[in-house]
Amino acid sequence: MHSRQQRQIAHLMSFINRFKAQATKATQAQSRIKQLERMTLVEAVHADSEFSFEFPEPQRLPSPLVRFDEAAVGYGAVGAPLGATVAAKAAPTRILEHLKLLIAPGERIGLLGPNGAGKSTLVRTLAGELAPLAGTATFSPHLKVGYFAQHQLEQLDPKASPILHFKRLDHEMGGRATEQELRTFLGGFNFRGDRVFEAVEPFSGGEKARLALALVVYQRPNLLLLDEPTNHLDLDMRHALETALLGYAGAVVLVSHDRHLISSTCDSLLLVADGACKPFEGDLDDYARWLNDRDKTTTGAQKPAAASQKDKRKAAAGDRALKARVEKLDTQLNKLHVQLTTIEGKLADPALYANGRSEEAAKLERDQRELRQQVATIEEEWLAAADRLEAGVADL
């Protein structure tokens, strides 16, 4: 663990020392200084991670990558051109208005806001899936977006293998990577051996998410848009993503329920709420308090000032139900971890791989993948429920 972290620190320090004196790289160097300041010791659980990858250096890093001036985003137009300045026509369904936003290489932006406030709408506009509805949006002609969201999983070809997905992508990019080079890249996302030739259709949600993320990374984007990237990723893969982002030279815009990923990755926070997107001065604890106060204000406006005994009983019952939910999920996690530990112990036994027990080993590996996926899913539910119980607020 110590050796791995020292390599990480050396990598960041190399960048800082190399570029801190260059005006064009000063922002990126400062970003990495902040990342070093936030760095904590790597937990033991990550010591033997099956995942290890880096973001290739983008071919171009124009500045700015994107500029919005008095822009409005919402629904009613699709396919924003990723090129010159766009002066979009107004449309009836506006989610956010009067947007002033400038994204340059090295930016690390976390989007906060209540569910449904427009975070994903803004990300989809940056990705070019939606066109701005008003104002001016300028996209660099050299902008290359890497967009990772849950609906990307649905775009995978269920009949194609991971290696075939990559051969197609490499061909589209005009590349000439060999099959071995593609297999080596896939190995960083734990697609190894014959697994790279298997059809995607029966893959777990976590495996499909890893493949979709790998396809994004391979494209060498200079603007990375991550909308709930950790929903289907297990702990080791989340850590690998966090580590890879430390060395990424492009800009990042992140939407996530994962507080640790936001705090360890983002240098600035934008609050998306009430039809606007503005800088948020504070940290995630300040945001939790803001959201809590906002919910109380909304609730107070909807209900009489003096709550009835019936309301109090209802609220108390809700708290008890939430507490019971957290305890139930905690119990489920404990049981799954026990099962996972048992399976990993069997897989570590050299005797398993002798005397023609390959089918038993393959079954144990499948069980291990399924259990890890269950753990990741329940952990997400547990974290969300525990946050609501502790702070009395909804998810980020």
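The values are calculated or read from the model by the stated rules, or taken from the named source; none is laboratory data. What you see is a predicted model; the values in this text were computed from it and never measured. In this analysis, Cβ positions are derived from the backbone assuming ideal geometry, glycine residues included, and neighbour counts consider all displayed protein chains.
One table, with the values for the structure above:
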item: T136 being at pLDDT 90 or above, under 22 Å from the mean Cα position of the chain (by Cα) and among the hydroxyl-bearing types (S, T, Y); result: no
item: Answer residue from the stretch 115-137, given it is over 17 Å from V253 (Cα atoms) and in contact with a strand residue (DSSP E or B) (Cβ under 8 Å, 6 or more places away or on another chain) and is surrounded by the fewest Cβ atoms within 10 Å (Cβ to Cβ) among those; result: T136
item: Hey, L254 assigned by TED's automatic domain parsing to the domain that holds R67, at pLDDT 90 or above, out of contact with any Lys or Arg (no Cβ under 9 Å at 6 or more places or on another chain) and part of a strand (DSSP E or B) or not; result: no
item: Pick from the stretch 139-155, criterion touching an Asp or Glu at 6+ places or on another chain (Cβ under 8 Å) and not in a strand (DSSP E or B), ranking: nearest to R220 (Cα to Cα); result: A149
item: Test: P158 is part of a loop (DSSP other than H, G, I, E, B), farther than 30 Å from T184 by Cβ and not hydrophobic (A, V, I, L, M, F, W, C); result: no
item: Of the criteria (1) part of a loop (DSSP other than H, G, I, E, B); (2) on the phi > 0 side of the Ramachandran plot, which one G135 fails; result: (1)
item: Residue within the stretch 179-188 that is modelled with pLDDT under 90, buried (at least 18 other Cβ atoms within 10 Å of the Cβ), in a loop (DSSP other than H, G, I, E, B) and not hydroxyl-bearing (S, T, Y) present; result: yes
item: Residue under evaluation V216, criteria (1) over 28 Å from H142 (Cα atoms); (2) touching a strand residue (DSSP E or B) at 6+ places or on another chain (Cβ under 6 Å), criterion not met; result: (1)
item: Hey, D236 more than 10 Å from the chain's Cα centre (by Cα) and at negative phi or not; result: yes
item: Residue that is surrounded by 16 or more Cβ atoms within 10 Å (Cβ to Cβ), of a type outside the set (F, W, Y) and in the same structural domain as L101 (by TED's automatic domain parsing), where the choices are L291, L225; result: L225
